[in-house]
Amino acid sequence: MRPGIDILRLDAIHPLLSGNKLFKVLDALERLPDPQALVSVGGVHSNHLHALAAIGYHCGIPVTGLVRGYANVELTPTLADCRKLGMQLVFLDRQQYRQRYEADFQQYWAQSLGAVWIGEGGALAPWQEASVDRAEVAGTSKAAQALAELCGGYDQVWLATGSGTTARMVLPVLPAQPRLMLVHTVADQGELETSWRTSYPDGNYQFVDSCDMPFGRLSPELRELLERYDALGLPLDPVYGVRLLAALEQWLQTQSGVEPRILLVHGGGLQGRRAVGLSWSGQATIESWLANPHLPASSVPVR
Ligand SMILES: *Cc1c(COP(=O)(O)O)cnc(C)c1O
C-alpha cells in the first residue's frame with residue numbers, strides 16, 4: 001500500500017466492544033435510552049449478534065438473539081460466545097427468519113420480550129424510530145459524530161457496506177470534504193445502491209465497482225489477500241474487510257496522477273475469522289470477563 005493511506009482501526013478499540021457494530025448499537029441506545037431488554041436477529045457467524053451480546057453483558061441489559069438455524073446443531077464459535085455472554089438464543093427456521101424485516105414480526109418479538117428491536121443491520125426499525133423525536137436526533141448521536149470526526153482531513157473515506165447502516169449514520173455528519181467510497185459486500189442486484197441514489201441524490205459518495213469479486217464465500221484469492229495482510233499485522237475479517245482491501249487494491253491500480261488522501265475504515269468483525277478457520281485473539285477477554293463476575297461490567301475500560 002502506498003503512503004498517504006491511513007487505516008481507522010475500529011477493530012482495535014477493544015477485543016469485544018469495538019468495530020462499526022459498537023457505533024451502531026451506541027447510536028441506537030442514544031436514541032432509545034435505558035431499554036429493559038434488546039432483541040435482534042442474525043446469522044450463525046453474525047458480528048452484529050456477537051457485539052450485541054458483549055454490549056448487553058457489559059451494560060447489564062438482557063439480550064435475545066433470533067438466529068437462523070437449529071437448536072440441536074452444535075453452536076458456532078460466535079453463538080457459543082453469545083450464549084456465554086448471557087444472550088438468549090432463539091432458533092428460527094428459514095421461513096420464520098424470512099419475516100425479519102416485517103414490522104409485525106418485529107413488534108411481536110419486541111412486545112413479548114419487553115424489548116427494543118434492533119434490526120439485523122444494527123438500525124432501529126422505522127416503527128421504533130417513530131417513537132423517538134427523530135428530527136431532533138437524526139445524525140446527531142454522539143456515536144455518529146465521533147465516527148464522522150475521525151474521518152475529517154481526507155479526500156476519500158473507504159467503507160465496506162453490508163446493510164449500509166454505518167454509511168447512513170455517518171453520511172449526514174461527515175465533514176464536507178471527504179467522499180465516501182462504498183464497497184458493497186452483499187450480492188443484492190444493486191438494491192442498496194439504487195436505494196441510496198433515491199435517498200441521497202446529492203450525497204458526496206460513490207459505490208466502488210467490486211468487479212467480479214465473489215460474494216458469500218472466501219475464494220482462494222480473497223483468502224490469499226487476507227493471509228497477506230495477516231502477515232503485515234493487519235488482521236481482516238473474511239466478509240467485509242477482505243473485500244474492502246481487495247476493492248481498494250484494484251482501484252489503486254486503475255489510478256494515476258494525483259494521489260488522494262485516503263482513510264480506510266477497518267470495521268472490526270474479527271471474531272468472524274473463526275468461521276473460516278482463522279485465529280481470533282479476543283476469546284481470552286470473554287474468559288476473563290466471566291472469571292471476574294465481581295468486576296462491575298461498566299468498569300471494564302474501553303480504550
Ligand atoms: C457489519 C460489518 C460491515 C457492514 O456494516 P453495515 O453497517 O451493515 O453496512 C462492515 N465491516 C464489518 C467488519 C462488519 O462487521
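The values are calculated or read from the model by the stated rules, or taken from the named source; none is laboratory data. Predicted model only: the values in this text are computed from it and were never measured. A quick note on method: Cβ atoms are made from the backbone with ideal geometry, for glycine too, and the neighbour counts reach across all protein chains shown. With ligands, DNA and RNA removed, areas are computed over all heavy atoms of the protein, side chains included. Shrake-Rupley method; radii C 1.70, N 1.55, O 1.52, S 1.80 Å.
See the values below:
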quantity	calculated
Candidate set from region 241-289 (those that are in contact with a Pro (Cβ under 6 Å, 6 or more places away or on another chain) and among the β-branched types (Val, Ile, Thr)); member that is farthest from the ligand (Cβ to nearest atom)	Thr285
Members of region 167-182 that are open to solvent by 10 Å² or more (accessible area, probe 1.4 Å) and either near the ligand (Cβ under 8 Å from one of its atoms) or at pLDDT 95 or above (or both)	Arg168, Met169, Arg179
Leu159 vs. criteria at pLDDT 95 or above, away from the ligand (no atom under 16 Å from the Cβ) and under 19 Å from the mean Cα position of the chain (by Cα)	no
Of all residues making up region 200-239, the number that are open to solvent by 70 Å² or more (accessible area, probe 1.4 Å) and within 14 Å of the ligand (Cβ to nearest atom)	1
Residue check for Gln99: without any contact (Cβ under 8 Å) to a residue 12 or more places away in the chain, surrounded by fewer than 18 Cβ atoms within 10 Å (Cβ to Cβ) and more than 15 Å from the ligand (Cβ to nearest atom)	yes
Residue in region 50-65 that is farther than 24 Å from Gln283 by Cα and not in a helix (DSSP H, G or I) present	no
Residue match in region 20-34 (condition: open to solvent by 20 Å² or more (accessible area, probe 1.4 Å), part of a loop (DSSP other than H, G, I, E, B) and under 30 Å from Met181 (Cβ atoms))	no
Residue in region 59-82 that is in contact (Cβ under 8 Å) with a residue 40 or more places away in the chain, more than 16 Å from the ligand (Cβ to nearest atom), farther than 27 Å from Ala167 by Cα and out of contact with any Gly (no Cβ under 7 Å at 6 or more places or on another chain) present	yes
Residue list for region 9-29, restricted to those being away from the ligand (no atom under 12 Å from the Cβ) and not small (Gly, Ala, Ser)	Ile13, His14, Pro15, Leu16, Leu17, Leu26, Leu29
Residues within region 240-269 that are hydrophobic (A, V, I, L, M, F, W, C), touching a residue at least 24 places away in the same chain (Cβ under 8 Å) and open to solvent by less than 30 Å² (accessible area, probe 1.4 Å), tallied	9
